[in-house]
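This report concerns only the one structure given below.
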Amino acid sequence: MKTPRFITLMIPRAQNSPTDAHPTHSRVLQGALSALAIAVFDGAAAVATAQHGQDDWMATWQGSPTPGGTFYSPGCPSDVGLSNQTVRNIVHIAVGGDRVRARLSNAGGLVPLTVGAATIAEAGAGAGTAAGTLHPLTFAGSTSIVIAAGGEAVSDPVPLAVHALDNVDVSVYLPGSTGPATQHYYADQGNYLAAGDQTGSAIAGPFTTSISCWMFVSGVEVQTSPTVRGALIAFGDSITDGYLSTMNANRRYPDDLATALAARHGTTLSVLNAGIIGNELLTIRPQLQFGYTAPFRFARDVLNQPGAKAVIVLEGINDIGDRSAKASDLIPVYEQLILAAHEAGLKIYGATLTPFGGSNAIYGGDYGTPAGETQRQLVNAWIRSSGAWDGVIDFDKAVRDPNNPTFLLPAYVGDPLHPNDAGYQAMANAVPIKEILDKVNAGN
């Protein structure tokens, strides 16, 4: 393994925003960072470059964590956090294996987080677990752990056989008051809260409260078959996060892509979703649930994911819509992401920005305006023609109305900015699976 190099990507300070990609009560981020040093390994990131072997781990699910913030506290209490409660997170995995481990997160915390207990299981009905699958998680043999502010903790391995496209429960007990809770706000999945330590409960009864966010969990990893050649990471904003796809149905475009890969014979890939609603390339928005900028989180959410081999980047529509950003300001950020991915040995694919005609009435700003459309077209022209990427995925072409190409095809409209299930499926269909696999296999 080679010595790490460090690339510093500049991050602007947070500002108040007059418009939001999702209607909200604003919460101002206090004291934004002005720069982030991302450690990038010459040749490859440590976990991404190891030849696949018996002791290697593969990420099978991730939920990019953000600080505590919410639009609706009863539905997602991440603004106030938990106290003497258990959260049961239900996550949809891409590939299976015989042993699993979970990654618990305090990435959005400002103080240490005490985890009293945690378990993992195959999901059953509602908040229940599948019979005989509930296992305690330990951390260096201990059932509890204190996670540093801004940190994560990886559990010890658990002998649990899981399969591609399974749902898995990760339950976490927080004995004290957590304060604002590390979360993934838009889970598009019902999760559950219970009073006290219910991590060991296999039944749904104690979990009396349903919530819409994932809390304190950021990843699940498996020891899997050598036919799984690596992880393909979908990196983006609400369109990658699956906004307006059917709740509890796993119809985000990365889910559809994982389904297609799971049906393949021979070599395949794990698919990870690193989308965050409202996320931007240039600006840390005041709504904390929108997360930090793409360059800020790129190392954590892409380069350091176990088994990472390739990434699809679909970001920039919120910069244009929310901040009236110019293509000339966004292109250098794309170029830095490309550099970071290549330094880490990953293939990186540029995805064209999808149409947003008609969205101004909902989201304001330059969403769907003539000025915004000009910048979207300039970004897409650069993505298609620059030659900077390892490949281009033309999501714009896949979902636009050929008779009115600044708009989504009517059959694909969730709202004028976001696709529906059919639109997300069309996006997944546009991903050149064989091309990506061939390039990954060639690099192994």
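Miscellaneous remarks
- When the test is whether a residue is touching a Gly at 6+ places or on another chain (Cβ under 8 Å), hydrophobic (A, V, I, L, M, F, W, C) and over 19 Å from residue 92 (Cβ atoms), residue 202 passes it.
- Single match in 231, 258, 263 (criterion: free of Cβ contacts under 8 Å to residues at least 12 places away in the same chain and either open to solvent by 40 Å² or more (accessible area, probe 1.4 Å) or within 16 Å of the chain's Cα centre (by Cα) (or both)): 263
- Residue within segment 356-366 that is under 18 Å from residue 294 (Cβ atoms), under 24 Å from the mean Cα position of the chain (by Cα), surrounded by fewer than 24 Cβ atoms within 10 Å (Cβ to Cβ) and modelled with pLDDT of 95 or more present: no
- Applying the criterion of at least 1 residues that are of a type in the set (Gly, Ala, Ser), in contact with a Ser or Thr (Cβ under 6 Å, 6 or more places away or on another chain) and crowded, with 23+ Cβ neighbours inside 10 Å to the strands (runs of 3 or more DSSP E) found wholly in segment 160-224 leaves 167-174, 217-223.
- Top-ranked residue in segment 266-293 [being hydroxyl-bearing (Ser, Thr, Tyr) and open to solvent by 40 Å² or more (accessible area, probe 1.4 Å); ranked as nearest to residue 230 (Cα to Cα)]: 267
- First in segment 408-421 and assigned to a loop (DSSP other than H, G, I, E, B), second anywhere and among the aromatic types (Phe, Trp, Tyr) and surrounded by 23 or more Cβ atoms within 10 Å (Cβ to Cβ), Cβ under 8 Å, 6 or more apart: 416/356; 417/356; 417/367; 420/412
- In this entry, residue 439 passes the filter for residues that are crowded, with 16+ Cβ neighbours inside 10 Å, part of a helix (DSSP H, G or I) and of a type in the set (D, E, K, R).
- Pairs where the first residue, in segment 195-219, is under 12 Å from residue 169 (Cα atoms) and touching a residue at least 40 places away in the same chain (Cβ under 8 Å) and the second is of a type in the set (Lys, Arg) and surrounded by 15 or more Cβ atoms within 10 Å (Cβ to Cβ), C-beta under 6 Å, 6+ apart: 219/103
- Selection status of residue 381, of a type in the set (A, V, I, L, M), out of contact with any helix residue (DSSP H, G or I) (no Cβ under 9 Å at 6 or more places or on another chain) and either at pLDDT below 95 or farther than 30 Å from residue 262 by Cβ (or both): no
- Looking across segment 294-320, just one residue is open to solvent by 10 Å² or more (accessible area, probe 1.4 Å), of a type in the set (D, E, K, R) and touching a strand residue (DSSP E or B) at 6+ places or on another chain (Cβ under 7 Å), and that is 309.
- Residues of segment 77-100 satisfying the condition of being over 14 Å from residue 163 (Cα atoms) and in contact with a strand residue (DSSP E or B) (Cβ under 6 Å, 6 or more places away or on another chain): 78, 82, 85, 86, 87, 88, 89, 90
- Of all the residues in segment 66-83, those that are out of contact with any Gly (no Cβ under 6 Å at 6 or more places or on another chain) and either surrounded by fewer than 24 Cβ atoms within 10 Å (Cβ to Cβ) or among the basic types (Lys, Arg) (or both) number 9.
The values are calculated or read from the model by the stated rules, or taken from the named source; none is laboratory data. Being a predicted model, the structure only gives us computed values, none of them experimental. Reconstructed Cβ throughout: ideal geometry from the backbone, glycine too, with neighbour counts over all protein chains shown. Quick note on the areas: whole protein, heavy atoms, side chains included, nothing else; ligands and nucleic acids left out. Shrake-Rupley method; radii C 1.70, N 1.55, O 1.52, S 1.80 Å.
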